[in-house]
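Working notes, beginning with the structure itself.
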Amino acid sequence: MKCKITNKSIDPFMSFGKMPIANGFIKEENFSKEFFYNMEVGFNEDISLFQLNDHPKPEMMFNQNYPFFTGSSEYMKNHFNKYYEFIKKYLKTKSKIIEIGSNDGTFLKNFLKDGNEILGFEPSKNVADFAKKNKIPTVNNFFNKSTVKNFKEFLGKTDLICASNVICHVPNLKDLIESIDLLLSSDGTFVFEEPYLGSMFEKVAYDQIYDEHIYIFSASSVSKIFKMFNFELVDVLPQTTHGGSMRYIIKRENKPISPKVKTILSYESENKLDSLDSCIKFKKNCEISKENILNKINFLKKAGKSICGYAATSKSTTILNYCKIDKSCIDFICDTTIEKIGKFSPGMHIPIKDMNYFHNNMTDCIYLFAWNHKEEILNKEKQFKGEWFSHVSL
Ligand code: TMP
């Protein structure tokens, strides 16, 4: 496989096998037309970048019906309110602010006051339309050099560009960083947050890997990649979202750098997060994790226990397809998202049911797929007295 940034040939170090689109919840009549690709991962040691090999075109994922609205999660709404409070220090009065992957406008809405000029780029039509209805200026398109050039009033004048859980979706990072370069003012700031490689390795949370996550970043990779374009990593802030994320603050070169950057780079070097060694260890841990979860499910089934899944997450697609867990093991997966209910999980075709069905058909055990929302979920499902389990420790 070729590195997406440097074009260097790299050998994949692991294959998760045949994988469908993670968010490709499917109707029964479309089973025979389902799209699969071979999900392999590799690591470019030159820039310490963990990346997917073959991946479906973004148009296949971020289409008319992207089934995720940021505003549907109280936890995420709260997160974005706190994120806004943090980010204010990078603003002046009447700032120009752009969000890449602005979804339903939940985050950008915070900036609507104080005379700020805001603009969101959101390729999925359904969520972009929702944002526009709520008066959030939104471009229903991908963020790239040709689309940003249309917004002359932002070129070289943007004070803040932000992105949450979106940079890892972008195949052409070179074009993305060059677009940021076109937009940012000389003292402008680019802030983005993404699932963190260190957390994924530590938790053996290999379900972070799916078609939409082309890269899993670390401070080492971010620092090396942005240096190639005369930008610098000036600060980092660990986040609890998505099972362990990192917020990266980027500025043009020769700006003050927080001591936290040196600390995290040393941590990553000591733990070999900047080299292939940690990937080889991770691969072994994934194989052990697969064996453990299959043993657990077999044990429960032999004991006559019924199991359902809680939350039809994109992450669950990786687990179910890598471990080959189907409806002979898991009766159904419950979820709150209207777009998913009544369909089947990608690849393994487990039925997706609404929460009423779940409450009326309680199983003995529940596989928690949204393990990163454990507190919120266990709190609202206190009446369930059976066993919760997952492939990561709960
Ligand atoms: P994601 O991890 O791919 O973003 O998907 C999260 C899914 O979890 C989404 O379909 C909504 C679902 N969910 C529930 O059904 N109930 C919940 O309490 C939470 C937090 C999420």
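A few comments on the model shown:
- Filtering K272, K284 for residues that are more than 16 Å from the ligand (Cβ to nearest atom), surrounded by 14 or more Cβ atoms within 10 Å (Cβ to Cβ) and at pLDDT 95 or above leaves a single hit, K272.
- Count of residues meeting criterion [touching a Lys or Arg at 6+ places or on another chain (Cβ under 9 Å) and within 16 Å of the ligand (Cβ to nearest atom)] in the stretch 1-23: 2
- Qualifying residues in the stretch 206-223 (those that are out of contact with any strand residue (DSSP E or B) (no Cβ under 8 Å at 6 or more places or on another chain) and at pLDDT 95 or above) - the one surrounded by the most Cβ atoms within 10 Å (Cβ to Cβ): D207
- Unique residue being at pLDDT 95 or above, more than 9 Å from the ligand (Cβ to nearest atom), closer than 25 Å to F36 by Cα and among the aliphatic types (A, V, I, L, M) when the list is M362, M348: M348
- Residue within the stretch 184-193 that is surrounded by fewer than 19 Cβ atoms within 10 Å (Cβ to Cβ) and β-branched (V, I, T) present: no
- Inter-residue pairs, beta-carbon under 6 Å, first within 16 Å of the ligand (Cβ to nearest atom) and in the stretch 295-318, second part of a loop (DSSP other than H, G, I, E, B) and of a type in the set (D, E, K, R), 6+ apart: C308/D331; A311/D335; A312/D335; A312/K340
- For M355, the conditions (1) among the hydrophobic types (A, V, I, L, M, F, W, C); (2) near the ligand (Cβ under 9 Å from one of its atoms); (3) under 23 Å from P195 (Cα atoms) all hold with the exception of (3).
- Test set (1) under 21 Å from A163 (Cα atoms); (2) open to solvent by 60 Å² or more (accessible area, probe 1.4 Å) - H242 fails condition number: (2)
The values are calculated or read from the model by the stated rules, or taken from the named source; none is laboratory data. Keep in mind it's a predicted model, so treat the numbers as computed, not measured. Neighbour counts run over all protein chains shown; Cβ positions are idealised from the backbone, glycine included. Just so you know, the surface numbers come from the protein's heavy atoms only, side chains and all, with ligands and any DNA or RNA stripped out. Shrake-Rupley method; radii C 1.70, N 1.55, O 1.52, S 1.80 Å.
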